[in-house]
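Before any comments, here is the structure.
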Amino acid sequence: MKVALEFLYHFRCDRCNQWWSIADIEPKIGNSIHCPHCGYLNTVELIQTFREAAKSTCLEIPPDPKFCN
Ligand SMILES: [Zn+2]
């Protein structure tokens, strides 16, 4: 069996706070991205990695325990 990793980025609009996702792209800090919900032009300020995001989740098996408090 082969296993493939998909890069799926989740975006939250600064104006309407709604979420959307885009796979197989690589956003960069400073990129401008239009919200598909309200059309607001957002600027990418921070790209949070999975391990950083997992700090505040309740995953049963943390991806890296040293990052989970
Ligand atoms: Zn929006």
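The values are calculated or read from the model by the stated rules, or taken from the named source; none is laboratory data. Just so it is clear, the structure is predicted and the values come from calculations on it, not from any experiment. Cβ atoms come from the backbone with ideal geometry, glycine included; neighbour counts cover every protein chain shown.
Things worth noting here:
- Taken over region 7-19, the residue count meeting the criterion of being part of a loop (DSSP other than H, G, I, E, B) and either touching a strand residue (DSSP E or B) at 6+ places or on another chain (Cβ under 6 Å) or within 14 Å of the ligand (Cβ to nearest atom) (or both) is 6.
- Within region 22-44, restricting attention to residues that are aliphatic (A, V, I, L, M) and at pLDDT 95 or above, the residue that is farthest from the ligand (Cβ to nearest atom) is I29.
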